[in-house]
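Read through the structure below, which is laid out as structure tokens, and then see the notes.
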Amino acid sequence: MSSADSSFTASDFALRLPNTDRAKAWLGQFDADDQENAARLLSALTLVLHSTFERAVTALILSEAARVDGPVALYATRELDDDINYFESMADPDDPMAPLDAVGRGADVGSEVRAAAIIRNLCKVDPDKLLNHPSLEMLRATKAKAVIVVDDIIGSGKRTAGFIRAMWRSESLMSWHSRHQIRFVALAYTATRVGMTKVNGLTCKPRIALVRDCPTFSDIPWHGDIEMAITALCNRYGRKTSRRGMRFGFKKTMAALVFEHGCPNNAPSILWAPVSEDSAWQPLFPDRTVLLGEKSAFPPDIMARDPIAMLFELAGEEEPELPPAVLGESVLGLTTAMVLALVATGVRSRTALSYATGYDAAECSRLLDRCVERGYLTATLRLTPHGRAELKEEAWPAERAKWVPQRGEDGYHPHQLRGPP
């Protein structure tokens, strides 16, 4: 289901998470002056349902497999020690053709098991094309042409890079790769720029396949003062958690995305760090688990953000100039108008524009390509005179009144994001 099909608005869901009972208690741990920004942090999170995740990753695996002329080996990415040879250590000494265990002991149930389940279900449908965690000998026998490692998020890149390096310790695999007989693909629902840089640096040069770019709190289109306040909030209160060294997330990633099956440790520790003997901080997602009340806040699909609210956030204390095209129906369409309006304010990151539109990476790229083709944007994503003229086209008069609340009224988005009284 697309966001356009829903009877709910993005604002409805943006306000759901801060208003769950547990979130209200979580917000109550902040000083009164900090509660508005803490609520703003929650409302900025991209929330991904199980069904959304599984549907998108399944489709992406099939798409990547279709690019390969021959069998494809699928593996759930797992955390491994630095000196492990994956195929050697996981092989069954009594049956070298037996598939490898999909999940290691003590695995993160939220990510590794979920990826393994997707792989298992796909391989049942087409076992000749899709191989479920095959051993090295099975790779040899089937003449597999690609190895695809599957994860929910490439956050810091440490887990994915470490897993591929453990595979790369096989001399056979290195030899096949050097002869262009096999390729690697690092596939995930989402990834940060930091994570992609880490994986891109691997010797085997894997292709990275994503559903969407992972928004971080530095990617979100809001005023610089707000970003600084959110960063300061995570720093100050993160020191009160049991994971002080991860107050900006693992490797300081500051991920702003949470799955229904779990909160990544790349998100700020104030969201997930468990209670300990030396820290009484109560996380919203205890030990990265999303509880039932918070699950109710997850939207049926990734939805577009409210363009008016975003322009107010970008303006900070100043009154924003709202282009007529975003105030109602226009020849551009609201999504295109929102993109042009954000670009006009200096927002040109594809990750930020994907976050704003709710579009995945492919959809966002197609939208931006159309804007370039129609002459609204340059190839470097800058507004052209034609794009600026289109943005200033008047919306239908009847639409204008219902879009723009006055400052101080309940409809004004930053007011809605205030913490509990």
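The values are calculated or read from the model by the stated rules, or taken from the named source; none is laboratory data. Remember, predicted model here, so these are calculated numbers, not experimental data. A quick note on method: Cβ atoms are made from the backbone with ideal geometry, for glycine too, and the neighbour counts reach across all protein chains shown.
Evaluating residue 17 against the criteria (1) modelled with pLDDT under 95; (2) surrounded by fewer than 20 Cβ atoms within 10 Å (Cβ to Cβ) leaves one unmet condition, (2).
Exactly one residue out of 98, 161 is modelled with pLDDT of 95 or more and of a type in the set (A, V, I, L, M), and it is 161.
Being among the hydrophobic types (A, V, I, L, M, F, W, C) and under 21 Å from the mean Cα position of the chain (by Cα): is that true of residue 232 here? No.
Scanning the range 340-395 for residues that are under 23 Å from residue 215 (Cβ atoms) and hydroxyl-bearing (Ser, Thr, Tyr) gives 345, 349, 351, 354, 355, 357, 359, 365, 380. Of everything in the range 173-185 that's free of Cβ contacts under 8 Å to residues at least 60 places away in the same chain and in contact with a helix residue (DSSP H, G or I) (Cβ under 9 Å, 6 or more places away or on another chain), which residue is surrounded by the fewest Cβ atoms within 10 Å (Cβ to Cβ)? In this case the residue turns out to be 181.
When the range 74-90 is limited to residues that are hydrophobic (A, V, I, L, M, F, W, C) and touching a helix residue (DSSP H, G or I) at 6+ places or on another chain (Cβ under 7 Å), the one that is farthest from residue 154 (Cα to Cα) turns out to be 87. Which residues, taken from the range 362-398, are surrounded by 15 or more Cβ atoms within 10 Å (Cβ to Cβ) and modelled with pLDDT under 50? Within the range 362-398, 395 is the sole residue that qualifies.
Residues that are touching a residue at least 12 places away in the same chain (Cβ under 8 Å) and part of a helix (DSSP H, G or I) are absent from the range 272-283.
When 353, 322 are checked against the criterion of being under 27 Å from residue 36 (Cα atoms), in a helix (DSSP H, G or I) and not assigned by TED's automatic domain parsing to the domain that holds residue 209, a single residue qualifies: 353. For the range 318-331, a residue qualifies if it is modelled with pLDDT of 80 or more and either within 30 Å of residue 55 (Cα to Cα) or surrounded by fewer than 19 Cβ atoms within 10 Å (Cβ to Cβ) (or both), and the qualifying residues are 318, 319, 320, 321, 322, 324.
Applying the criterion of being in contact with a helix residue (DSSP H, G or I) (Cβ under 7 Å, 6 or more places away or on another chain) and under 17 Å from residue 346 (Cα atoms) to the residues of the range 216-251, the residue that is surrounded by the most Cβ atoms within 10 Å (Cβ to Cβ) is 220.
Residues checked against (1) at pLDDT 95 or above; (2) assigned by TED's automatic domain parsing to the domain that holds residue 261; (3) farther than 20 Å from residue 167 by Cβ:
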{"site": "38", "(1), (2), (3)": "yes, yes, yes"}
{"site": "69", "(1), (2), (3)": "yes, no, yes"}
{"site": "84", "(1), (2), (3)": "no, no, no"}
{"site": "112", "(1), (2), (3)": "no, no, no"}
{"site": "130", "(1), (2), (3)": "yes, no, no"}
{"site": "133", "(1), (2), (3)": "yes, no, no"}
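Inspection of the range 73-81 finds a residue satisfying the criterion of being closer than 16 Å to residue 125 by Cα, modelled with pLDDT of 95 or more and of a type in the set (A, V, I, L, M, F, W, C). Here residue 204 passes the criteria (1) buried (at least 21 other Cβ atoms within 10 Å of the Cβ); (2) outside any helix (DSSP H, G or I); (3) not aromatic (Phe, Trp, Tyr) except the one numbered (1). Restricting attention to the range 72-86, the residues being buried (at least 20 other Cβ atoms within 10 Å of the Cβ) and either more than 25 Å from the chain's Cα centre (by Cα) or assigned to a loop (DSSP other than H, G, I, E, B) (or both) number 4.
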